[in-house]
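Take a look at the structure set out below.
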Amino acid sequence: MADQLCINPSSDLDSICYTQLTVINLQGCSSLTTHSLHHLLSRSPSLQKLRVKGLKAVTNMTFSILSTYNLQLVCLDVSRCAHIDAQGIEHMATAALNRGEPLLLKELRMSGLKHIGHRMMGALGKAAPFLEVLDLSYARNVHNSAVDAFVSCDDAGQYNGSETLQIHPRDLGRSDSNDLRLRRRVTRLRHLSLSYCLLLTDDACSNLAFSLPDLEFLELGGIGTDLRDEGLIRLLKTTPKIRRLDLEDAGSITDAVLIALTPNSNEASPVPGGALEQLNISFANEITNEALLGLLRSCTKLKHLEADNTNISSNVCKEFVRLCQQRGMSNAKANVVDCRGMTDNAVRDLESMTRPRLGWRSHEARKLTFLDARDGNTDELNVGQDECDEKRVVLKSFYSWQTVDNVKAVREKRRRKREVSGGGDSDMDDGSGRSLHWWSPGGRRTLRSSGRSSPLNIADLNSDGCVVM
């Protein structure tokens, strides 16, 4: 394939040909060999985006190829590649430092990478000053020291144009009596994922304080009870642009974290929580309803709340739904599964403003049979809510799923009634109350027909009409 895509820039037959590919996505190509992959990469000097997620053909040698032939690479996804480890990333970063040129990478996804240490993270921090997206999720071997090495500056000669600042150790939560300040690298990261890095604690958050001023998405889900208030608050106070925060399974955090995210209405400058849109505090059982209610009222852009298995009360959930309606938010969402405070009566009280699923109207969504008021099925709307109304808040709880079952039961009852009555028209039902005509996509069941535009022959229907024997 690579040879077929190559062009020869000159008439000399001995000159090396190359492709003009700028984007290569080989995700799912499980039969690809390492040799063919390297051959394609070595013939693509203009490559900017490469996605090889989960490919066994990717090895540490692949990074040597990238550092030699693909110097314009901006986006790289090597997540879940079984035959690579941190040594390959370290080699690519070291090669760039030896050339005296920074890596142009802006997005680097390496979920599940093995053997991540302070040497690799230190080299990556020095060689990739333009990095905006970094995914280290499910890296089970990464320690707090590796995160610290990513933003620390040991010498004054290898900043690669990055902005630096000097911070007192006490500002990073370190009990150091020395007055010497630490030089830290200010990164351009907007999205950082450290989910399910099980060896990390909130000390990793302290190490990142003051180094992520542009951070918008922070994912710390699955770390567990080792993620505590002190380090997390220290980081959140220095990230005024935070929009999405994932703290799932952080069972040790308390109201202090929510208070740090609650903006003061009197402050005009950007403050933490002022831009917050999504918050996940599932399994955080130490958080009280009072702190959560104050956060909901102060964060005017919050539209997605996940609080599964928490102590959230029905009154707080009602207030969130009311605020979303008042602020005119579209596709707002609240997950309150396995919450004792959410009762059946509370879900019924919110029926006029909520929906059980985030539905949409398209050909791809037909099999999901979302309830849509535009179909005019009044019998279904009597027991369910319009799932395609963007202004309704999606409320997912134990009791809200019963609504979906009720709508399904109404449709099944109507289908059986039609079968008993033996309706004689050629329309069929897709389960959502919408009729499928013979000219509709997916409406034809015949195995043979007299022409492309011919209607169904009644004898071709399976038990839907009379068959002449």
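Return, ordered by residue number, the residues of region 61-85 whose backbone nitrogen is under 18 Å from a label point located 7 Å along Cα→Cβ of VAL23.
72-78, by backbone N distance to the label point.
How much accessible area does TYR69 have with a 1.4 Å probe, in Å² rounded to the nearest 10?
100 Å²
Do me a favour and compute the ellipsoid semi-axes for region 10-117 from its Cα gyration tensor, root of five times each eigenvalue, largest one first, whole Å.
The answer is 23, 18, 12 Å, longest axis first.
Compute the distance from the alpha-carbon center of region 310-331 to that of region 181-206, in whole Å.
32 Å
Quick check: residue separation of ARG340 and THR68 times 0.36 nm, minus the Cα distance between them. What number comes out in nm?
Gain on extension, ARG340 to THR68, equals 92.1 nm.
Counting only the heavy atoms of the protein chains, how much of LEU180 is accessible to a 1.4 Å probe, in Å² to the nearest 10?
Using a 1.4 Å probe on the heavy atoms, I get roughly 120 Å².
For region 94-217, what is the charge dipole size about the Cα centre, in debye to the nearest 20, if Lys and Arg each add +1 at the Cβ and Asp and Glu each add -1 at the Cβ?
Here the size comes out at about 300 debye.
Roughly how many Å² of THR300 are accessible to a 1.4 Å probe, to the nearest 10?
It works out to around 80 Å².
For the pair ARG170/ARG297, report the inter-label distance in nm, with labels modelled 7 Å from Cα in the Cβ direction.
Placing both labels 7 Å along Cα→Cβ, they lie 3.5 nm apart.
Check VAL394: other-chain or 5+ apart residues with amide H under 5 Å from its amide H, H built from backbone geometry?
Residues meeting the criterion, in which the H sits 1.01 Å from N, are ALA332, LYS333, ALA334, ARG355.
Determine which lysines satisfy two conditions relative to LYS417: a Cα distance under 27 Å, and not lying fewer than 8 residues away in the same chain.
Result set, ordered by chain and number: LYS367, LYS408.
Under a point spin-label approximation (7 Å from Cα along Cα-to-Cβ), what is the ARG361-ASN141 distance to one decimal in nm?
5.4 nm
Check the straight Cα-Cα distances from LYS241 and name the lysines below 23 Å, setting aside those fewer than 8 residues away within the same chain.
Straight-distance partners of LYS241: LYS106, LYS301, LYS303, LYS333.
Determine ³J(HN,Hα), in whole Hz, for all residues of region 43-53 in sequence, where each value follows from phi through the Karplus function 6.51 cos²θ - 1.76 cosθ + 1.60 and θ = phi - 60°; x replaces Gly and Pro.
My calculation for region 43-53 gives 9, 10, x, 8, 5, 10, 10, 9, 10, 10, 4 Hz in order.
Would you grab the residues whose amide H sits under 5 Å from the one on TYR196? Only those 5+ places off in sequence or on another chain, please, with H modelled 1.01 Å from N.
Here TYR138, GLY221, GLY222, ILE223 satisfy the definition.
Using r as the Cβ-Cβ distance of ASN285 and LYS49, and R0 as 56 Å, what FRET efficiency do you calculate, to the nearest 0.05?
That pair, ASN285 with LYS49, gives E of 0.85.
Please list, in order along region 183-196, the HN-Hα scalar couplings obtained from phi with the Karplus expression 6.51 cos²θ - 1.76 cosθ + 1.60 (θ = phi - 60°), rounded to whole Hz, x for Gly and Pro.
Calculated HN-Hα couplings, in order: 8, 10, 8, 8, 8, 9, 4, 10, 9, 10, 10, 10, 5, 6 Hz.
The values are calculated or read from the model by the stated rules, or taken from the named source; none is laboratory data. As the structure is a computational prediction, the values presented were derived from the model and not from experiment. Backbone-built Cβ (ideal geometry, glycine too); neighbour counts: all protein chains shown. For the accessible areas, the whole protein counts, side chains as well, though only heavy atoms, and no ligand, DNA or RNA atoms are used. Shrake-Rupley method; radii C 1.70, N 1.55, O 1.52, S 1.80 Å.
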